[in-house]
1. For the protein assembly as shown, build the charge dipole from Cβ charges (+1 Lys, Arg; -1 Asp, Glu) around the Cα centre, then report which of A:Leu197, B:Gly79, A:Ala220 sits farthest towards its positive end.
2. Provide a list, ordered by number, of residues in the stretch B:114-141 showing at least 40 Å² less accessible area with every protein chain present than when their chain is taken on its own, using a 1.4 Å probe.
3. At a Förster distance of 41 Å, what's the computed FRET efficiency of B:Arg169 paired with A:Cys111, Cβ-Cβ distance as r, to 0.05?
4. Please work out the Kirkwood hydrodynamic radius for chain A, using every pair of different C-alpha atoms, and report it in angstroms with one decimal place.
5. How shielded is B:8-19 by partner chains, expressed as the average number of their Cβ atoms within 10 Å of its Cβ atoms?
6. Taking the solvent-accessible surface of protein heavy atoms with a 1.4 Å probe, what is the per residue accessible area of the protein assembly as shown in Å²?
7. Using the Kirkwood radius over Cα pairs, work out the Stokes-Einstein diffusion coefficient for the protein assembly as shown at 37 °C and 0.692 mPa s, in µm²/s as a whole number.
8. Please name whichever of A:Met89, B:Asn159, B:Ala30 sits farthest to the positive end of the charge dipole of the protein assembly as shown, dipole taken about the Cα centre and charges placed at Cβ: Lys and Arg +1, Asp and Glu -1.
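The values are calculated or read from the model by the stated rules, or taken from the named source; none is laboratory data. As the structure is a prediction and not an experimental result, all values here were calculated from the model. Don't worry about glycine lacking a Cβ; one is built from the backbone with ideal geometry, like all the others, and counts go over all protein chains shown. Heavy atoms of the whole protein, side chains included, go into the accessibility calculation; ligands, DNA and RNA do not. Shrake-Rupley method; radii C 1.70, N 1.55, O 1.52, S 1.80 Å.
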Amino acid sequence: MAEVSYGKIVRDGLWHNNQALVALLGLCPLLAVTNTAINALGLGLATLSVLLLSNVTVSLIRNWVRPEIRLPVFVVVIAAFVTAVELVMKAYFHELHKVLGIFIALIVTNCVIIGRAEAFASRHGPALALFDGLMMGAGFALVLLVLGAIRELVGQGTLLAGAHMMFGGDADLTIRVFGDGDGFLLALLPPGAFIALGLLVAGKNLIDRRQAAAAAAARAAGVPVGQPG
Amino acid sequence: MARPLTAKFPIAVAGLLLGLFSVAGAGLVAVTHVATKDRIAHNERQALLDRLAVLVPAQQVTNDMATDRIQVSDPDRLGSDRTTVYRARAGDAPVAVILSPVVPDGYAGPMNLLVAVLRDGSLGGVRVVSHHETPGLGDKIEEAKSDWILGFAGKSLDNPSPAGWKVKRDGGEFDQFTGATVTPRAVVKAVKNALLYAREKGEALYAPADSVQARALGGSTG
């Protein structure tokens, strides 16, 4: 296996191989729970936790799992961690758990997790696997958060509504940006989520293209180009 | 040495390994379950109490509404075979009953309500616990989305009269929502039925859970 650098993992996880915007995995929770920023953050952090735990575990057991049974074993590992995370959320973030509902359990089906287990964690040591889980999870969670913020802003004119569900008791960080709660309803429904995600993907591609053009222009002008990627 | 065991019986070994991992996974879940179950039970109880407390004048209530409850059975009036009725008391004096009827004819399926009926027959309040109504239209029955549901507080079968317990479009006195009539119509009907049930049963709803009266309310299934 080629040695991977920590820097590459960071760049890949957050941008070049962002699991939500590039690999386009885990779209079911992405579209369903990003109607507010807090919901999105909650599920993003839950997914990140599971990804971390699963990556480390898969990496630790990678020499003992026979190839024929590796996928069922990965699923057992992931399902066990998702159940544990769900119970912890029920105990410590009860209201958020109620709001997110079935989508916490559905983290098991999130292809990001089994994808990273198969593509990375089963082929690298625990330290790298942990870092990969952290970066891929962070990239995914960030996209969830941005999407949630956009949809909440456009759909109901607030930001961080429901913050008490994550930060306890009386935290009311709700920023009312405009209107009285009635925004552009489409943003709160699944079609609006699809459209918003499409716009995010388009935006990322635009930035990439501009960067590539700038690098090509610099090369043509004979100016030394910085570290690629 | 001959081929190691793992090469001679690959399937058996694979099966054994899978079994071991499954046991480990189940073990993790079991440990987490035990470690969290008290806190979870506490959270659920607290969530229920919070929901009940908004519907009755909470400063008067001295009993534990979450445990002082009975199961009743009246599918026609309360929408399901078994309905929980919570009781609020101030010392020995009854304060209110909180019924949890099901609205059977919502636009997108059944909805769960909490309806608090005070001793004098008037409503302490109504809240929707769960529903599947259309976002932006029927979901205005949620307290967070509009004040409509708060308008039930203080109403009774005399205010308005039974004929007035419909949405305005049907000739009654309750507002409907622009673009969504089925949802408010169903909720108004369910609240009216709950009031009729409470009036019919009267003081029996406050009877202790192990009394003959309470058991009679539960129907033949007890």
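1. A:Ala220
2. B:Pro135
3. After rounding, the FRET efficiency stands at 0.30.
4. So the Kirkwood estimate lands at 18.9 Å.
5. Averaged over the peptide's residues, the number is 3.
6. In whole numbers, the protein assembly as shown has 50 Å² accessible per residue.
7. It diffuses with D of about 128 µm²/s by this estimate.
8. So the residue we want is B:Ala30.
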